[in-house]
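Take a look at the structure set out below.
The values are calculated or read from the model by the stated rules, or taken from the named source; none is laboratory data. Everything quoted here is computed from the prediction, not taken from an experiment. Note that each Cβ is placed from the backbone with ideal geometry, even for glycine, and that neighbours are counted across all protein chains shown. The accessibility values were calculated without ligands, DNA or RNA, using every heavy atom of the protein model including side chains. Shrake-Rupley method; radii C 1.70, N 1.55, O 1.52, S 1.80 Å.
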Amino acid sequence: MIQYKKIEDICSVIAGQSPPSSSYNQEKNGVPFFQGKADFNEKHPSIRYWCNEPKKISQPNDILISVRAPVGAININNIKSCIGRGLAAIRCGEDINLDFLFHYLRFQQKKIEDLGTGSTFKAITIKTLKSIKIPLPPLKTQKQIASILNDAQALIQKTKQVLSAYDQLAQSIFLDMFGDPVTNPKEWEMKTLKSITKKIGSGATPRGGKDSYKKEGMPLIRSLNIHDNYFKKDNLAFIDAEQAKKLDNVSLEKNDVLFNITGASVARCAIVPSNCVPGRVNQHVSILRPKDEKLNSTFLLHLIISPNSKSKLLGVGKNNAATRESITKIQLEEFEIIVPPLTLQSQFAEKIELIEQQKELAKKELKESEDLFQALLQKAFKGELIT
């Protein structure tokens with residue numbers, strides 16, 4: 001039988017505390033300062049701010065856990081740092097293996113999230129965090145389990161790196177064929193999006209909001225579905241025929257380019273998948289429909305997601321100006337882009353199609369690796385992985 005112990009019995013828990021706001025800086029003055037999930041990556045946090053008046057310190061190899069909106073996200077700290085009140089640090093004792101605990105807490109993330117309280121922003125108290133029970137097989141077994149899970153996770157990361165390399169290859173091909181789309185070193189003709197598209201427009205959310213969505217029917221694409229050169233089908237909404245009729249003016253067609261125009265995901269861009277045609281978009285997503293004789297959708301997509309074009313659209317200046325949180329229809333219509341010959345755009349699209357075919361194979365491998373990892377997690381914490 002697996003023995004369980006509370007976190008407080010096998011670890012030290014350090015509650016974060018926000019330092020004076022006047023001590024925050026981006027000039028590397030003081031120690032790195034982590035505030036919450038926004039600082040997290042796959043495993044280790046990224047430094048965005050520093051603090052010269054730290055109140056609470058986390059050490060390397062502490063597990064950082066988000067305790068406020070959202071609850072439960074975790075990373076492993078890899079540098080001495082200050083932690084704000086949105087985080088707590090869990091420091092392993094001698095009876096618990098760091099990677100074993102990391103995998104278990106991530107495995108239980110949804111259950112930990114459900115422990116959060118609060119009507120507006122959920123939070124978990126340090127008392128509740130300390131009381132979470134952890135399975136505690138012998139330390140040797142913990143290390144064996146952690147090693148197997150680490151190897152499985154490394155396989156996932158390797159496949160993700162392959163996918164990232166394909167995206168970098170696509171961007172490299174774009175720059176080689178067309179040059180930087182903002183500085184335009186090849187002196188291509190420049191035109192406004194309005195002059196080379198048949199449609200630029202966004203939709204609306206049906207009356208009743210998300211409560212009016214159906215389990216099946218006409219797809220309603222929202223900003224959460226749109227990522228750069230990637231359409232995320234998770235949480236795709238559906239509406240009925242009556243709702244769809246009210247949005248006939250934003251009916252999707254094959255090869256439409258979808259562009260997020262508001263919020264934190266502003267300027268993310270993807271081509272509509274064929275299985276979402278005909279569909280609709282809500283008010284946070286704009287349809288860019290190229291004129292076939294002027295513009296290739298794949299070319300337009302990769303132009304928009306190229307780093308300099310993205311920065312120009314977001315209004316990010318040389319002096320670290322704030323990112324624009326919305327882009328209006330007029331701003332999109334007046335946005336100027338390079339327009340190389342359509343034959344060259346089509347040649348580029350053909351090269352990208354070959355890359356996308358390879359990416360699909362890698363995505364399949366990624367799904368298989370992720371399924372394997374989840375199966376291993378289930379066995380690991382039921383005591384079935386190491387017997």
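Can you run down the residue pairs with Cβ atoms below 7 Å, 6 or more apart or on separate chains, where the first is in region 274-289 and over 17 Å from THR262 (Cα atoms) and among the aromatic types (Phe, Trp, Tyr) and the partner is assigned to a loop (DSSP other than H, G, I, E, B) and open to solvent by less than 10 Å² (accessible area, probe 1.4 Å)? As it stands, the answer is none, since no pair meets every condition given.
Strands (runs of 3 or more DSSP E) wholly in region 18-93 with at least 3 residues that are touching a Cys at 6+ places or on another chain (Cβ under 8 Å) and not charged (D, E, K, R) - which ones?
Numbers: elements: 31-34, 49-51, 63-67, 71-76, 81-83, 87-92.
In region 18-93, 31-34 are the strands (runs of 3 or more DSSP E) which contain 3 or more residues that are touching a Cys at 6+ places or on another chain (Cβ under 8 Å) and not charged (D, E, K, R).
Counting only helices (runs of 4 or more DSSP H) that fall entirely inside region 241-350 and contain at least 1 residues that are more than 17 Å from TYR230 (Cβ to Cβ), among the β-branched types (Val, Ile, Thr) and open to solvent by 60 Å² or more (accessible area, probe 1.4 Å), the qualifying elements are 329-334. Residue selection: SER251 satisfies the criterion of being in contact with a strand residue (DSSP E or B) (Cβ under 9 Å, 6 or more places away or on another chain), among the hydroxyl-bearing types (Ser, Thr, Tyr) and in contact (Cβ under 8 Å) with a residue 12 or more places away in the chain.
Run LYS194 past the list (1) open to solvent by 50 Å² or more (accessible area, probe 1.4 Å); (2) assigned to a helix (DSSP H, G or I); (3) farther than 15 Å from LEU332 by Cα and report the number of the one that doesn't hold. Result: LYS194 passes all but (3). Residue-level analysis places LYS359 among those that are part of a helix (DSSP H, G or I) and closer than 26 Å to VAL257 by Cβ. Which of the residues spanning region 208-224 are without any contact (Cβ under 8 Å) to a residue 12 or more places away in the chain and either open to solvent by 30 Å² or more (accessible area, probe 1.4 Å) or touching a Lys or Arg at 6+ places or on another chain (Cβ under 6 Å) (or both)? Those that are without any contact (Cβ under 8 Å) to a residue 12 or more places away in the chain and either open to solvent by 30 Å² or more (accessible area, probe 1.4 Å) or touching a Lys or Arg at 6+ places or on another chain (Cβ under 6 Å) (or both): GLY208, ASP211. Checking each residue in region 108-144 for being among the β-branched types (Val, Ile, Thr), buried (at least 17 other Cβ atoms within 10 Å of the Cβ) and either at positive phi or assigned to a helix (DSSP H, G or I) (or both) picks out ILE112, THR141. If you filter region 161-187 down to residues that are hydrophobic (A, V, I, L, M, F, W, C) and in contact with a Leu (Cβ under 9 Å, 6 or more places away or on another chain), you find that the one that is farthest from LEU314 (Cα to Cα) is VAL162. Taken together, the residues in region 53-70 that are at pLDDT 95 or above and either touching a helix residue (DSSP H, G or I) at 6+ places or on another chain (Cβ under 7 Å) or β-branched (Val, Ile, Thr) (or both) amount to 7.
For region 152-191, how many residues meet the condition of being in contact with an Asp or Glu (Cβ under 6 Å, 6 or more places away or on another chain) and open to solvent by 50 Å² or more (accessible area, probe 1.4 Å)? Total meeting the criteria: 1. Scanning region 265-294 for residues that are of a type in the set (D, E, K, R) and out of contact with any helix residue (DSSP H, G or I) (no Cβ under 6 Å at 6 or more places or on another chain) yields ARG268, ARG289, ASP292, GLU293.
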